[in-house]
Structures are given as C-alpha cells and as structure tokens.
1. Taking the condition of being more than 7 Å from every other protein chain (Cβ to nearest Cβ) and not in a helix (DSSP H, G or I), how many residues in the range A:238-254 meet it?
2. Test each condition in (1) among the charged types (D, E, K, R); (2) open to solvent by 10 Å² or more (accessible area, probe 1.4 Å); (3) within 11 Å of another protein chain (Cβ to nearest Cβ); (4) in a loop (DSSP other than H, G, I, E, B) for B:Arg134 and report the one that comes out false.
3. Are there any pairs with C-beta distances below 6 angstrom linking a residue in the range B:246-271 that is more than 19 Å from B:Gly210 (Cα to Cα) to a residue that is open to solvent by 30 Å² or more (accessible area, probe 1.4 Å) and assigned to a helix (DSSP H, G or I), with the two at least 6 apart or on different chains, and if so which?
4. Whether any residue in the range A:248-262 is over 19 Å from B:Arg172 (Cβ atoms), of a type in the set (S, T, N, Q) and in contact with a Phe, Trp or Tyr (Cβ under 6 Å, 6 or more places away or on another chain) is what I want to check.
5. Can you tell which of B:Pro73, B:Pro78 is assigned to a strand (DSSP E or B), free of Cβ contacts under 8 Å to residues at least 40 places away in the same chain and assigned by TED's automatic domain parsing to the domain that holds B:Gly129?
6. Among the residues of the range B:245-281, count how many are surrounded by 13 or more Cβ atoms within 10 Å (Cβ to Cβ) and more than 14 Å from chain A (Cβ to nearest Cβ).
7. Going by what's in this entry, would A:Ala164 be described as outside any strand (DSSP E or B), touching a helix residue (DSSP H, G or I) at 6+ places or on another chain (Cβ under 8 Å), within 8 Å of chain B (Cβ to nearest Cβ) and modelled with pLDDT under 95?
8. Of B:Ala167, B:Ala229, B:Ala154, B:Ala196, which residue is more than 25 Å from A:Ser203 (Cα to Cα) and touching a helix residue (DSSP H, G or I) at 6+ places or on another chain (Cβ under 8 Å)?
Amino acid sequence: MARRALLDFEKPLVELEEQIEQIRQLARDSEVDVSQQLLQLETLATRRRQEIFDALSPAQKIQVARHPQRPSTLDYIQVITDEFIELHGDRRGSDDQALVGGIGRIGEQGVVLLGHQKGRDTRENVARNFGMASPGGYRKALRLMEHADKFRLPILSFIDTPGAYAGVLAEEQGQGEAIAVNLREMFRLRVPILATVIGEGGSGGALGIGVADRLLMFEHSVYTVASPEACASILWRDAAKAPVAADALKITGADLLKLGIVDRVLAEPSGGNHAAPLQAAETLKTALLEELTGLRSLSEEQLLEQRYAKYRAMGRFLDCVSPESTLSS
Amino acid sequence: MSLFDWFADRHKTAPVARNPQELPADDGLWSKCPECGLVVYRKDLLANASVCKGCGHHQRIDSEERIRLIADPGSFEPMDTELAPTDPLAFKDRRSYADRIRDSQQSTGLRDAVVTGICRSSGQPLALGVMDFRFMGGSMGSVVGEKLTRLIEAATARRYPVLIVCASGGARMQEGMLSLMQMAKISGALQRHQQAGLLYIPLLTHPTTGGVTASFAMLGDLILAEPKALIGFAGRRVIEQTLREKLPEGFQTAEYLQDHGFVDAIINRTQFKSTLATLLHIHKLNGNAAIGNP
C-alpha cells in the first residue's frame, strides 16, 4: 500500500505509530517478547485516532473529505457492484472525465451508477479536472439517468466535487443551463434516486447530480453552498478566514441532518474512509441496499410525490402574520 | 421641442465631447447616465423605462418600477408579503446576518429580495416574480425560494404563465445549504408547471449569476434578456484569477449568451411589455392552454 498522505492533525498519531514500529523491529532483531507492550501501544493509538476523528472541526473534515487517498466514485463502484460497464459521452460532442457513470448489477438488482471522479495524483487530477465537471458531464449524467428511467433502473449517484468547472469554455457551453436542466428533470424520473456525498459536495456542481429521494453523507464528508475559501474572501474579505467560514456555513453531516437536508449520515472507519476503504465501501453498500428496499415499496406516484415534498419542505423563514410559527423542514 | 429631445439631439451630434465633472450630479431632479454621461430629467428617464436615450444603457431598476413596467396599472396583487427571512444558522461574518437583513429591509422597504404576485399584462393574466437586487444583491435564501415556489405552484393551479425577472448574485451564503436547496425546490415546481403544458419565461437582467443561473434563470421555455446584462454561472474574478484564463471580449453579456445559444432574444426594456404581450398571445392561439382564462 502506498504511503498515506498525512493530515496535520494526524501528526500525534505518527509518533505512536513510529514507536510501535520500533518495538516490532526490536522484537524481530532480539526475539524479546513485546506483545504486551505492542498491544498496549496499539490500543492507545486506536483510542487516540478515534478521539481525534471524533472531534474534527468542519475545516478538518474538509481536509479528510479532500484526502488524496479517500475512496472515489469508481473505487466504490468497483466494490459495490458485481458487474459494471462504464458508459461514455453526452451525445452532444463530449465525454467528461470528471463525471463518470455506467450500468451495473448488485446481486440481482440492475442499477445506473454515476458520480464525480477525482484523481489520486496530479497527472490523474489533470485528466479528471480535479473532479470539476463540465456542462458535458452534467448532460452525460442526465442521459444516463434518462436511460435508468426508461429501463426502470434505480440511480445511485456519488457526489465528490469542489464545484462545477468555472472556465470560459464551461460558460460558453452553458454550465448554468446544464445544471438547471438536471435539477428540473431529476424531479421527473420515475425510479428511486439515492445520492451520497462521498467526499466534497461543492455547491451547484454537487446538486447537479444530487436531487434524490434519499441523500446520504459520509461522516467526514462536507456539503457547502459555496467553498469556505470563496465565502471567506467574499464575506470576510480575507481568504485566510476559511476555517471560520467552514464553521459558520454548517457543512457537516451532523449539521445538515439537523437542517433537514441530509437523511442519513454514514459512520466512517477509525481514521476516515481512506484508512479502511473496503470497510467504507461495505458501509455504503449496506446503506444503499437498505434505502433501496425502503423505496421499492412505493408506487411511482408516491415516489415522485415524496421527492417533491422533501424539497418543498426545505427552507426556514418567518411568517409575519403569526410570528411565532417558524416554518422549517 | 422638449428639453429631453434637445439633449438627445445634442447627444447625437457630440456624444463624447462632454465632461461628466461639469454636469449636474444625480440630485433627484436630474439623472446622469453612468455609461455615456448624458444628463436628463429624472422623470424623462423614468418615462423611458430608465433606459438612456443617448446610449441605450439600461439602468438598474427596483422591483416596484419593474412591476409598473410589466403589470397593467392597478392589476398587480402581491402574494406572500408576510414571509420574512430568519437567521437559521445564526450566521455572522464581519457583520451579523440579522443586521444585514434589518439594513436591507429598512433601505428597500421590502421583507426580502423578491416580490411576487398575480397581475395582468396587456390584459392577459400573468404570475409575476421580480427579484430586487438592492436587497442583499438579490441573493436567494429561503424566502426567495419559498415565494417563487408558491408563485409557480399558484400559476400551475390557475393555468397561468410565469414570468420571473432575474437579478441576483446567486445563493445567499448566510443561509448555507438551505439556500442551495432553494434551487432544487424552485426547479421542482417548474417541472410541474412545465408538465402542465404552461409557459414559463425568465427575463435575465443585470446581473444574473451563480445559483440563479444554474436553476430557474435557465429553465425557461423562452429565455429573454436585457441588453448588455451580465449573465453567467461562475464569477468573472473566479475564472480569471483561479484559472488564469483570459476572458474573451463581451464575456458573459446577454449578447454573448445569445451568440452561444442560451438566450432566445434580447429585448430592449422599452419594448418588453409589447413583446411579452405578443408572446403570451401567440401561445394562447391554436387552443393552447398556456394562458389562463381571464
């Protein structure tokens, strides 16, 4: 396994892990029985890691969500499905590498899977445009979702993007229009839609494949209306205030559960999904199958009605006729 | 010859020869065009839909004036005026959201950044939503989302066409993800309006950006825009600085969007009401149910 990239708050763990490694080395060289000490230290390391990850601030969660080794859409698809065939292109002249999708099978359940795709390293990230999808990506997603609608295949969508691509070409090709059409059409699709924020949920670029019957989110994932960096530079006039903005914007699963935006938060393995990717994928698969079972009992009309009602209830405001009645989701 | 005509004529002959410093400033009686410096009586400017007779510059107008330009006199019945923003995240940047709301409410007399209602335009019924850029940059929070959704739902129930005049910097960051979700909520309501076979027209005015562009601004059966309006998804600065790309001439203007196929027609504000009347009328022909009965 490639060496794990370390986040600054993981540093205290490094010392412990080094100690453990030294003792192991010692044991190999001198045949001294150190199993007691090793067990102690490993228990301590596990507890420390748990403590650190339980207390992550929103800004630290962003670091975990952006971790280069955090499992990506294609990683999850590989583990979750028994068979998968990637499908390319928007039928309009492009095939965006930042938004991938295809058709797959989980047991005897056929599904359409799609999501933002980041790269592991610089070279991959350049090819994947850092997971920032272009209009063609959103149109490819819609094409796949319409295919799902036609053949009654549930849609599994994975969100992991810093935001929709902001560039001259994206504007010329109608980034706003591409996302807007997806938002509208996703209310029309007669199949269950499950969306999961697996890493970063960046604004409209995330929502563009994120209108769903159930919205799931990993524990250390984030979902933001604007990146904390952008928010800080606009509202605080100081990009260095990003951690403060991250806190103020309420971007964690726990906060979004309270606001009625997210339906379910998935626990991550100790140390985050990148520490145990297979375990994370199993968690995700179990959750998705559970949710799917729940949704399958609904008729198409009920499904569409519930989806509409779910978003219809989002928002908080005062009704000044009766000031005490704060409507909320 | 009125003084206005005299100015207009003079402007035609010597459009650049004036020095803006020597001209009277905006003082309530006079108004100076920020583009060409032409000075006219304010009431003449208003009579021309706040469009400069010298250079055609469309000055920013508030929701009240916009409604006056579109709705037949006395026909506008406002909806949901009692809805007001709250501060669900207890958000505070350099200033608290609560303070910003209070300031905007005091300076505009509005509760939030959109005015909605049912009216008649050239005798034809219309569900009209008008965003007001003066209120926190026309940003879209829960109230904007809720009022527009209710407007669209009412239009679907009554089989009315919808016109939304867009003017917005995008989602309102101070309400966090609740703001982002308004994009989905409004789009869902528009899906039902569309499914009912009804006509929806957004009018994109300066500026229409961010989450508004990525939702209801781009979902029109017909998408109209005002001349030179800034329309885009990402901010110019973001594109320029983050990605170090040079911006083409006229980037993100209404004309640029029309050239790239995202705007149906650019309509001069002085022509808008009559153009709208034609469009509403044509869609009602051939037994289409796009327009409700009077």
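1. From the range A:238-254, those more than 7 Å from every other protein chain (Cβ to nearest Cβ) are A:238-247, A:251-254; that's our starting set.
Filter once more, keeping what is not in a helix (DSSP H, G or I): A:238, A:251-252.
Selection size over the range A:238-254: 3.
2. (3)
3. What qualifies is B:Ile266/B:Gln258; B:Ile267/B:Thr275.
4. No - not one qualifying residue is present in the range A:248-262.
5. Details: B:Pro73 fails: assigned to a strand (DSSP E or B).
Of the residues listed, the single one that is assigned to a strand (DSSP E or B), free of Cβ contacts under 8 Å to residues at least 40 places away in the same chain and assigned by TED's automatic domain parsing to the domain that holds B:Gly129 is B:Pro78.
6. 13
7. Numbers: outside any strand (DSSP E or B): yes; touching a helix residue (DSSP H, G or I) at 6+ places or on another chain (Cβ under 8 Å): yes; within 8 Å of chain B (Cβ to nearest Cβ): yes; modelled with pLDDT under 95: no.
Taking the combined requirement at face value, the residue does not satisfy it.
8. On the way: B:Ala167 fails: more than 25 Å from A:Ser203 (Cα to Cα); B:Ala229 fails: more than 25 Å from A:Ser203 (Cα to Cα); B:Ala154 fails: touching a helix residue (DSSP H, G or I) at 6+ places or on another chain (Cβ under 8 Å).
Exactly one of B:Ala167, B:Ala229, B:Ala154, B:Ala196 is more than 25 Å from A:Ser203 (Cα to Cα) and touching a helix residue (DSSP H, G or I) at 6+ places or on another chain (Cβ under 8 Å), namely B:Ala196.
The values are calculated or read from the model by the stated rules, or taken from the named source; none is laboratory data. Nothing here was measured: the structure is a model prediction, and the numbers come from that model. Here Cβ is always computed from backbone atoms with ideal geometry, including for glycine, and neighbour counts include all displayed protein chains. In case anyone asks, the SASA skips ligands and DNA or RNA and just uses the protein heavy atoms, side chains included. Shrake-Rupley method; radii C 1.70, N 1.55, O 1.52, S 1.80 Å.
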